[in-house]
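Data block below; observations after.
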Amino acid sequence: MFSRKPQITHSAPRPASAGSRDRLRAIALAVAANPYLSAGGAALLFLLTLVVLVLIMGDAKAGSPVVRLDLAHAAAAGGSVPGWKDALAPEADSAPVSTGEFELSEQPIELADGGVIGGSAIITLPDGGRLEGGQPVGPVSALPQAPIAGLTAPGPGGSLLPIVGVDGRPPWQAYARPFKSNGKPKVALIIGGLGLNPAYTRRAIELLPPEVTLSFAPYADGLQQWIDLARANGHEVLLETPMEPNDYPQNDPGPFTLLAGGAPGEIVKKTEWVLSRATGYFGVTNYLGSRFVTSNPAMNAFSGALKQRGVAFVDDGMAARRGMGPPRASADRIVDEDLSAEAIARQFSALEASARSRGQAMGSGFAYPVTLESAAVWTRSLEERGFQLAPASALLSGH
């Protein structure tokens, strides 16, 4: 994944002769003995120091939040999208941000077999890198505020769960961003991992065009407020569902992880916990899940719960070959497995090639600073290159 930096070699300097060293020493002593030359040299040194200090202290971005991305995590992630568990540092008033952890405690829920899920999910916060460049998008048409009347029912703990309206209108349709094709190849992009880092969540909402679909972590604090802000800026929204990866429990997405060997009732209850976290999303997407998506019973229980509640499922490509009941779509590629602007640009070009040959294509990425900035640049010129930027919901099938 990572290329090795070329090693630059330098030829060793030739040693100065004894005569040359003596002449240089004599000149230095003469300068030091002359008070005028010494004073002038000191003044010049002071001015140079002052200029350097001004350049450093006058950096307009010096106080911006800084995140140093742990690329080792991304390298070890393989084919899965790095997620909200291990990527972004918390918002800070100044940089740098120190490494740390925080716990997300949740109320326990009862399972079908009488067991109880409780505890907390641990999200490690490594140091992170600076988010720079780009301008927020201009005024956009806000999407209707959630919840929309007639599309919710009481859920656990006084929360709300999505339901199909009495007129047959499903939530995926009501909360999707309206879209009208202009006949050009459609390209969609999903940016995930939002809600845990306030600075970068707001940056994604305000920087990216409204056609970009945003995906939020279910453990995010103030999740409904973030979704409301995203919809106010025209973005449709997905919720991330933690699913069992192949290396579970070493890689543990938290106590509400959907397990491949879980009983159907347990899977439904955990899915409903995710769905009850907020309103205003048109569908859910996977967070990890390399083992979960291979289990037919587990996926059948999961898809049945979504279909019953009128919610779509959009995956990062991991479940592309699975047919399911609810409206669904799969990403064609993850755009930021290699965290460099050049590599991400190549992935965007590959998306365009797929869209040109098949009529549509969808990419999935994480809210890394480099991904946000690259996506902002790429989407600005899509129309000029003969493509139409579309929300993910416009690429759904099975409806």
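Data overview
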item: Condition broken by Ser374, with the remaining ones in (1) under 20 Å from Thr213 (Cβ atoms); (2) touching a helix residue (DSSP H, G or I) at 6+ places or on another chain (Cβ under 9 Å); (3) polar (S, T, N, Q); (4) surrounded by fewer than 24 Cβ atoms within 10 Å (Cβ to Cβ) satisfied; result: (4)
item: Subset tally (residues that are touching a Lys or Arg at 6+ places or on another chain (Cβ under 6 Å), in a loop (DSSP other than H, G, I, E, B) and farther than 20 Å from Pro327 by Cβ) for segment 223-244; result: 1
item: Any hit, segment 305-320, residues being modelled with pLDDT of 95 or more, among the β-branched types (Val, Ile, Thr) and over 23 Å from Pro209 (Cβ atoms); result: yes
item: Residues of segment 367-389 satisfying the condition of being in contact with a Leu (Cβ under 9 Å, 6 or more places away or on another chain) and assigned to a helix (DSSP H, G or I); result: Pro369, Val370, Thr371, Leu372, Glu373, Ala375, Ala376, Trp378, Thr379, Glu383
item: Tyr287 vs. criteria in contact with a Ser or Thr (Cβ under 8 Å, 6 or more places away or on another chain) and hydroxyl-bearing (Ser, Thr, Tyr); result: yes
item: Selection count where residues are in contact (Cβ under 8 Å) with a residue 40 or more places away in the chain, within 28 Å of Thr294 (Cα to Cα) and surrounded by fewer than 17 Cβ atoms within 10 Å (Cβ to Cβ), scope segment 324-357; result: 1
item: Test: residue in segment 299-322 that is surrounded by 18 or more Cβ atoms within 10 Å (Cβ to Cβ) and acidic (Asp, Glu); result: yes
item: Residue among Gly118, Gly128 that is modelled with pLDDT under 95, buried (at least 21 other Cβ atoms within 10 Å of the Cβ), more than 22 Å from Pro326 (Cβ to Cβ) and not acidic (Asp, Glu); result: Gly128
item: Single residue of segment 284-298 satisfying the filter (in contact with a Gly (Cβ under 7 Å, 6 or more places away or on another chain) and of a type in the set (A, V, I, L, M)) that is surrounded by the most Cβ atoms within 10 Å (Cβ to Cβ); result: Leu288
item: Tally, over segment 184-199, of residues that are part of a loop (DSSP other than H, G, I, E, B) and either under 15 Å from the mean Cα position of the chain (by Cα) or crowded, with 24+ Cβ neighbours inside 10 Å (or both); result: 3
item: Near pairs, Cβ below 8 angstrom, 6+ apart or cross-chain, from segment 264-293 (touching a residue at least 60 places away in the same chain (Cβ under 8 Å)) to any residue that is in a helix (DSSP H, G or I) and hydroxyl-bearing (Ser, Thr, Tyr); result: Gly280/Tyr175; Tyr281/Tyr175; Phe282/Tyr175; Phe282/Ser393; Gly283/Ser393
item: One residue from Ser141, Ser181 being surrounded by fewer than 16 Cβ atoms within 10 Å (Cβ to Cβ), more than 23 Å from the chain's Cα centre (by Cα), in a loop (DSSP other than H, G, I, E, B) and modelled with pLDDT under 95; result: Ser141
item: Segment 144-178 - residue that is of a type in the set (Ser, Thr, Tyr) and buried (at least 17 other Cβ atoms within 10 Å of the Cβ) and, of those, farthest from Tyr287 (Cα to Cα); result: Thr152
item: Leading residue by the ranking (nearest to Val377 (Cα to Cα)) among those in segment 179-218 that are charged (D, E, K, R) and without any contact (Cβ under 8 Å) to a residue 40 or more places away in the chain; result: Arg202
item: Residue list for segment 170-200, restricted to those being farther than 24 Å from Leu306 by Cβ and either in contact with a helix residue (DSSP H, G or I) (Cβ under 6 Å, 6 or more places away or on another chain) or of a type in the set (Lys, Arg) (or both); result: Lys180, Lys184, Pro185, Val187
item: Extreme residue, surrounded by the most Cβ atoms within 10 Å (Cβ to Cβ), among residues of segment 262-282 that are in a helix (DSSP H, G or I) and within 26 Å of the chain's Cα centre (by Cα); result: Ile267
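The values are calculated or read from the model by the stated rules, or taken from the named source; none is laboratory data. Just so it is clear, the model here is predicted, and its values are computed rather than measured. Cβ coordinates were reconstructed from backbone atoms using ideal geometry, including for glycine residues, and neighbour counts include every protein chain displayed.
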